[in-house]
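Written below as structure tokens is the structure these notes are about.
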Amino acid sequence: MNDNTDPDKAAASGTQANNGAHGAEGADSTASTGGAGSAYRDATAAEAPSLEQQLAELQARHTEVADAFLRAKAEAENTRRRAEEEVSKARKFAVEGFADSLLPVKDSLEAAITLHESNPGAPVAQVLEGVHATLRQLTAALERNRVMAIAPPAGTRFDPHQHQAISVVPANQEAGTVVAVLQKGYLINERVLRPALVTVAAAGQ
């Protein structure tokens, strides 16, 4: 047997062996990379919610928003109803305080009538005293409710917003001023309830 090895064959054999080794490493590397990619995709798929989960979440959110809307709507309706009730009560009982302040006046008038019926011969001064007392009660009741008299003194400049001229009379005072008050007027909360009836001084001839 010839122990001498052909150098060319030996080189070729070595190259094939090296190629085989590199091929095996490449296969191992490809297999490893492919396995890692598959694992990543599996993990990503596991983390991402499914369409069913997304739909369930949207439905839950819709239900929550719908409930909040219904509660807000109900609260607004209750507030509106309470406001309407308060307005209705205010309209019904707007004069409650005023009426209450007039009750003592009515009591005094009824007492005066009863006194006259039981004692027809009562002195006029006594009756007049009762009338004045009743008038004071009525005046106080009106003032408590901001009803104030319009009674301009003589010489006051005529005010068409608060006075109503009944006649123009000659007078020894400046023209266009109040001469006399024939009937008092009244203000309620600074608004004319009734103008005062007055006579006014005429311009000098």
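The values are calculated or read from the model by the stated rules, or taken from the named source; none is laboratory data. Model, not experiment: these values are computed from the prediction. Cβ placement follows ideal geometry from the backbone for every residue including glycine, while neighbour counts extend to all protein chains displayed. What goes into the accessible areas is simple: the full protein's heavy atoms, side chains included, and nothing from ligands, DNA or RNA. Shrake-Rupley method; radii C 1.70, N 1.55, O 1.52, S 1.80 Å.
What the table shows:
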item	result
Accessible carbon and sulfur surface of the stretch 59-130 relative to its total accessible area, %, 1.4 Å	62
Computed lengthening from residue 87 to residue 143, 0.36 nm per intervening residue step minus Cα-Cα distance	17.6 nm
Solvent-accessible surface ranking, highest first, for 200, 95, 192 at 1.4 angstrom	95, 192, 200
Value of relative contact order over the stretch 51-205, rounded to a whole percent, pairs C-alpha under 8 Å and six or more apart	17
Difference of contour (0.36 nm per residue) and Cα-Cα distance, residue 202 to residue 156	15.2 nm
Principal axis box of the stretch 75-158, alpha-carbon based, largest edge first, Å	68, 46, 14
Solvent accessible area, Å² - residue 159, 1.4 Å probe, full protein context	50
Anisotropy class of the stretch 47-205 from Cα gyration tensor, a/c 1.5 cut	oblate
Peptides ranked, highest mean first, by Cβ atoms within 10 Å: ranges 74-81, 131-138	131-138, 74-81
